[in-house]
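Input: a single structure, listed below in structure tokens.
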Amino acid sequence: MPRKIVPTTSTDPYHVRARSHNRELFEVPIAEAWAIYEDYLFLLKNGFGVRIHSFVLMPNHFHMLATFPEGNLSPSMRYFMRETSREFSRGSGRINQSYGSRFGRSVIPTYHYFMNAYKYVYRNPVRAKLCTSVEEYPFSTLHSLCGFQKCAIPLEEDTLLFEPNFSSRTLIWLNQEPNPVLEEE
């Protein structure tokens with residue numbers, strides 16, 4: 001039975017994520033997967049009007065914070081996942097699906113929730129012990145925002161990272177372990 005399409009609001013961002021089939025590593029090397037995602041995120045922005053706030057690619061899943069001003073979350077993500085899956089299959093010679101299921105999404109209705117999601121997404125590689133600080137992980141838009149590499153992903157202006165009087169406060173905050181008591185609230 002098809003999943004009910006829930007209309008998205010044009011102003012609230014979403015935390016969107018998807019995992020590979022059986023939690024296996026993606027079929028192509030992660031650097032190749034990153035290049036594929038860069039291309040299709042560019043197309044999401046320009047073809048579907050998606051406003052991308054952040055993106056982190058893990059070895060077997062991705063996290064994205066994005067706004068869908070045209071209310072087209074389902075069609076744009078269906079396109080994105082179908083096409084990236086096809087590219088993975090072409091690159092690996094594998095057949096069948098790349099993703100374990102359709103994407104997961106959570107609406108982010110408040111500033112406080114956005115701050116928690118922002119930190120959660122960028123801290124994912126640190127929690128997985130793939131790096132020791134958020135800015136050093138190469139398959140994250142934060143790595144590019146910090147000037148360590150060029151990124152083709154068309155991001156919205158990051159007013160958290162580049163706040164007036166920026167003095168590394170945001171990076172310090174991102175690199176701090178979250179307070180487990182506050183996370184439960």
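The values are calculated or read from the model by the stated rules, or taken from the named source; none is laboratory data. All values reported here derive from a predicted model rather than from experimental measurement. Here the Cβ is made from the backbone with ideal geometry for all residues, glycine too, and neighbour counts use every protein chain on show. Just so you know, the surface numbers come from the protein's heavy atoms only, side chains and all, with ligands and any DNA or RNA stripped out. Shrake-Rupley method; radii C 1.70, N 1.55, O 1.52, S 1.80 Å.
Leaving out ligands, DNA and RNA but keeping every protein chain, what accessible area does Met115 have, in Å² rounded to the nearest 10, with a 1.4 Å probe?
The accessible area of Met115 comes to roughly 40 Å².
Compute the distance in nm between two label points, each set 7 Å from the Cα along the Cα-to-Cβ direction, one at Ser168 and one at Val107.
4.0
Taking 0.36 nm per intervening residue step and subtracting the Cα-Cα distance, what contour gain separates Asn46 from Leu25 on full extension? Spell out each step's value before the answer.
On the way: separation 21, 0.36 × 21 = 7.56 nm, distance 2.86 nm.
Contour length minus Cα-Cα distance gives 4.7 nm.
Stretched out fully, how many nm does the piece from Arg127 to Gln149 gain, at 0.36 nm a residue minus the Cα gap? Each step should come with its number before you reach the end.
On the way: separation 22, 0.36 × 22 = 7.92 nm, distance 2.22 nm.
Contour length minus the Cα-Cα distance gives 5.7 nm.
Explain nothing, just compute: Karplus ³J(HN,Hα) = 6.51 cos²θ - 1.76 cosθ + 1.60, θ = phi - 60°, for every residue of the range 72-89 in order, whole Hz, x for Gly and Pro.
Values per residue, Gly and Pro as x: 10, 4, 4, x, 5, 6, 4, 4, 4, 6, 4, 6, 5, 5, 4, 5, 4, 5 Hz.
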